[in-house]
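Encoded as structure tokens, the structure appears first; notes follow it.
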Amino acid sequence: MSTIRTHNLGYPRIGEQRELKQATESFWQGKLTCEELQETGRKLRRQNWLKQQAAGIDLIPVNDFSFYDHILDASCLLGNVPSRFGKAADAADFETQFTIARGQRSTGGEDACGCGQSHAAGFASEMTKWFDTNYHYIVPEFRADTRFRLAATKLFDEFAEALALGIHAKPVLVGPVTYLSLGKVQDTENPDFDPFTLLDGLVTVYEEILARLAVQGADWIQLDEPVLALDLNDRQRDAFLECYPRLARAAGSAKLLVASYFGELRDNLPLFLGLPVAALHIDGVRGKDEIATVIARFPSDKILSLGVVDGRNIWKNEFVESLAILGHARETLGKERLWISPSCSLIHAPVTLENERKLDAEIKGWLAFADQKLAEVASLSEILRGRASVTLLVENEASHLARRNSPRIHNAQVKARLAAVVSSDSNRRSAFPERQKLQRAKLGLPLFPTTTIGSFPQTQEVRSARAKWKNGTLPAVAYDAFIKEETRRCVAFQDEIGIDMPVHGEFERNDMVEYFGEQLDGFTFTSHGWVQSYGTRCVKPPIIFGDVSRPQPMTTYWSGFAKSLTEKPMKGMLTGPVTILQWSFVRNDQPRETTTRQIALAIRDEVVDLEGIGIAAIQIDEPAIREGLPLRRADWESYLAWAVDAFRLCASGVRDETQIHTHMCYSEFNDIIGAIAALDADVITIETSRSNMELLDAFVDFNYPNEIGPGVYDIHSPRVAEVREMENLMTKAAALLPAGNLWVNPDCGLKTRGWPEVRTSLENMVACARKLREQVVVPNI
């Protein structure tokens, strides 16, 4: 081909109206058959492919679609199914994928897979964040005796589907080095074995896959290796050198594209440029400062794919800047060796702006969702080829100029307040041991106090009432009465079963970030801007377009009402500044640190107001602290300094006797435990159930001084944990940490669960705590 080519690395799976979520959950509820769910998938894939084709994308991805998670799909394709699910590894069928992701109910026996877990059989595989995004993947599990084999046909079936539509698609799958790097050893007998000893067998299956795709007619195959944006060890580097010559040979007539994204290559650049493949993709947004070096050193026998359109944020591409980069690449490499694409898969962006009929027109003109990003890719190609109207470029520049000059972005009072912050604003008045004494005297809690993470089930009735209130069909007074009744029932239930520190249930909240963003200046919202977080869990991130401030209290009304319903200490619930930032689409015209500190000041005001109405414990959730960590260790210190300071800034305006909680989930803490301790939260609750308390090791090794609540049951699975399971986990925790510092709680909020399982699970949790109190005596607590 004698012109610049366009391609896409991946497209959103969920559908414009979250059709995939609705169909999958209906299947789980028995309302849809397996074939009906599969048909929904086929319709969505067809729609997605045809939209990309109409947008002018030359190479359209296939196998980027998944009913749950693309890494889980890869595990099933490779026959890597944990034996506890009772399935042969060469029969990784459709329903097995959901069982791995969600777990299965125990049939009475303990797990005998040898993975070291004490859970009942069929517990779900671990889930964690995909690099520094808010997408969660199902972690592959490895044992010394793991054997890979081709065990699923999804990849080949979907490629055939595309061919039948006349679309000569580009198959996409995670590369072998990334797959091994992101997995976890689950082997009691060989806990320290190196997963890369499995590389040869893994590559053999990849060779079979590539050869089969070539026979099917694939011209190009994309292998995603985002670990190239990380600090690699020698074994990982050797793995690239070992496996890619084999893969290139196995592909035969098909050409390989290796895609790196999410950051710069830095010291991995020579390794990347030396891979024996036909094309290489780089992230031209997060790796923008490296582009000139890449172009200067780029091999003469390869095609360069430049991802200049941001796949992770929603701001319109600045054509002048992108064209300067692309023009330089074209002059150096020639148009035949230059492709244009988004920086990464578009699963991190909402599907389309076309459905946003309520979004402010001025702000909408600054944005681009997945469909618009593909149009930008095509437009950049057309401009470079001299085939686009000059109006396209003029309109793009006018949009950026209007945004820069808009008075809605800047708030002088916010900037002045932030400039006046001093170091003492980020420190509690006394050290934790003194605060702990005062808090224990005030709260009067028992040993192993029980609480929850905050949210309770958001039933269909709750969601329906909120929707009716928002569209004006339910009067505000009626909605208020409805939420009060839900809150009353929730608090009464907690009192009834013996929860020591209740919460109000958060029935008034649509989302832990959106709810606060709706009440903060500098935010705006979409109607259909959904993105996938994990499985069928979709979130609608707020858009931070300007300086952030809090016009008025946000949570005191409902926390105060809930406090009036019980004699027990009611816990106030807030979302922390880093998580609000990380789970929003953030303005790109100022440093993220500045925006975070603005949010921290707004949350600080809310913390002080909650204390003012008598809330004795306030939880400031920060599950995204670890997620926001830069991919390279060299960049960690700077990030952690401002992230920790932002939390302390929002938490340090209260008296010593007010207990500050925080919550983190589905993260590895070993490498940032010092920063977590520096948050100086009085109580931290974390996820430990899926990891069998392994995440506690970091806190033990560090001698973590403050109180901690290790989650005793997995809220992302529908199964109800038994008292014995919870007791085993907490007994293990009590052997590692001072029992007097331990809380008993679920591992995350209960919003996505149903009331029947929540009732039983929490009753079991309280029973667990009572048993522990009978077994453990801690003096002077």
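Against the condition at pLDDT below 95 and farther than 30 Å from Ile100 by Cβ, how does Ala677 come out, does it pass?
Considered against the rule, which asks whether it is at pLDDT below 95 and farther than 30 Å from Ile100 by Cβ, Ala677 comes out as yes.
Is it the case that Val491 is open to solvent by 10 Å² or more (accessible area, probe 1.4 Å), touching a helix residue (DSSP H, G or I) at 6+ places or on another chain (Cβ under 8 Å) and of a type in the set (Val, Ile, Thr)?
For Val491, the condition - open to solvent by 10 Å² or more (accessible area, probe 1.4 Å), touching a helix residue (DSSP H, G or I) at 6+ places or on another chain (Cβ under 8 Å) and of a type in the set (Val, Ile, Thr) - is not met.
Would you mind finding the one in Ser341, Ser300, Ser345 that is in contact with a helix residue (DSSP H, G or I) (Cβ under 7 Å, 6 or more places away or on another chain), of a type in the set (Ser, Thr, Tyr) and either surrounded by fewer than 19 Cβ atoms within 10 Å (Cβ to Cβ) or touching a residue at least 40 places away in the same chain (Cβ under 8 Å) (or both)?
When all the criteria are applied, what remains is Ser341.
Tally the residues that are closer than 9 Å to Arg143 by Cα and buried (at least 19 other Cβ atoms within 10 Å of the Cβ), restricting the search to the range 176-186.
Result for the range 176-186: 1.
I need the strands (runs of 3 or more DSSP E) fully contained in the range 642-744, keeping only those with at least 1 residues that are of a type outside the set (Phe, Trp, Tyr) and over 25 Å from the mean Cα position of the chain (by Cα).
Where strands (runs of 3 or more DSSP E) fall fully within the range 642-744 and carry at least 1 residues being of a type outside the set (Phe, Trp, Tyr) and over 25 Å from the mean Cα position of the chain (by Cα), they are 659-664, 707-710.
Tell me which residues, restricted to the range 370-401, are assigned to a loop (DSSP other than H, G, I, E, B) and open to solvent by less than 60 Å² (accessible area, probe 1.4 Å).
Correct list: Ala388 only.
Which pairs have Cβ atoms under 8 Å, sit 6 or more apart or on different chains, and link a residue in the range 166-193 that is under 24 Å from Thr204 (Cα atoms) and touching a residue at least 12 places away in the same chain (Cβ under 8 Å) to one that is open to solvent by less than 10 Å² (accessible area, probe 1.4 Å) and of a type in the set (S, T, N, Q)?
Going by the 8 Å Cβ cut-off, the qualifying pairs are Lys170/Gln222; Pro171/Gln222; Val172/Gln222; Leu173/Gln222.
Sort through Phe131, Phe98 and tell me the only one that's at pLDDT 90 or above and in a loop (DSSP other than H, G, I, E, B).
Of the residues listed, the single one that is at pLDDT 90 or above and in a loop (DSSP other than H, G, I, E, B) is Phe131.
Residues that are hydroxyl-bearing (Ser, Thr, Tyr) and crowded, with 18+ Cβ neighbours inside 10 Å: does the range 632-639 have at least one?
yes
To keep it simple, each residue is scored yes or no on (1) within 26 Å of Gly166 (Cβ to Cβ); (2) touching a Pro at 6+ places or on another chain (Cβ under 6 Å); (3) of a type in the set (Lys, Arg); (4) not in a helix (DSSP H, G or I).
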{"site": "Pro12", "(1), (2), (3), (4)": "yes, no, no, yes"}
{"site": "Thr24", "(1), (2), (3), (4)": "no, no, no, no"}
{"site": "Leu32", "(1), (2), (3), (4)": "no, no, no, yes"}
{"site": "Glu39", "(1), (2), (3), (4)": "yes, no, no, no"}
{"site": "Leu44", "(1), (2), (3), (4)": "yes, no, no, no"}
{"site": "Asn48", "(1), (2), (3), (4)": "yes, no, no, no"}
{"site": "Gln53", "(1), (2), (3), (4)": "yes, no, no, no"}
{"site": "Phe65", "(1), (2), (3), (4)": "yes, no, no, yes"}
{"site": "Cys76", "(1), (2), (3), (4)": "no, no, no, no"}
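Quick check on Glu242: is it under 30 Å from Asp132 (Cβ atoms), in contact (Cβ under 8 Å) with a residue 24 or more places away in the chain and in a helix (DSSP H, G or I)?
yes
From (1) open to solvent by less than 10 Å² (accessible area, probe 1.4 Å); (2) in contact with a strand residue (DSSP E or B) (Cβ under 8 Å, 6 or more places away or on another chain); (3) free of Cβ contacts under 8 Å to residues at least 40 places away in the same chain, pick out the condition that doesn't hold for Lys255.
(1)
Can you work out which of the residues in the range 602-621 that are in a helix (DSSP H, G or I) and of a type in the set (Gly, Ala, Ser) is farthest from Glu657 (Cα to Cα)?
Ala602
Which residues, taken from the range 404-419, are open to solvent by 70 Å² or more (accessible area, probe 1.4 Å) and not in a helix (DSSP H, G or I)?
The answer is Pro407, Arg408, His410.
Yes/no per residue for (1) outside any loop (DSSP other than H, G, I, E, B); (2) touching a Gly at 6+ places or on another chain (Cβ under 8 Å); (3) open to solvent by less than 20 Å² (accessible area, probe 1.4 Å):
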| site | (1), (2), (3) |
| --- | --- |
| Arg249 | yes, no, no |
| Val285 | no, yes, no |
| Ile291 | yes, yes, yes |
| Ala329 | yes, no, yes |
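Is the range 355-369 home to any residue that is under 22 Å from His281 (Cα atoms), among the polar types (S, T, N, Q) and either touching a residue at least 12 places away in the same chain (Cβ under 8 Å) or assigned to a helix (DSSP H, G or I) (or both)?
no
Does Gly653 satisfy the condition of being at positive phi and modelled with pLDDT of 95 or more?
Answer is no for this residue.
The values are calculated or read from the model by the stated rules, or taken from the named source; none is laboratory data. Only a predicted model underlies this, so the values are computations on that prediction, with no experimental measurement involved. So basically every Cβ, Gly included, is an ideal-geometry build from the backbone, and we count neighbours across all protein chains shown. Keep in mind that these areas ignore ligands, DNA and RNA; they rest on the heavy atoms of the full protein, side chains included. Shrake-Rupley method; radii C 1.70, N 1.55, O 1.52, S 1.80 Å.
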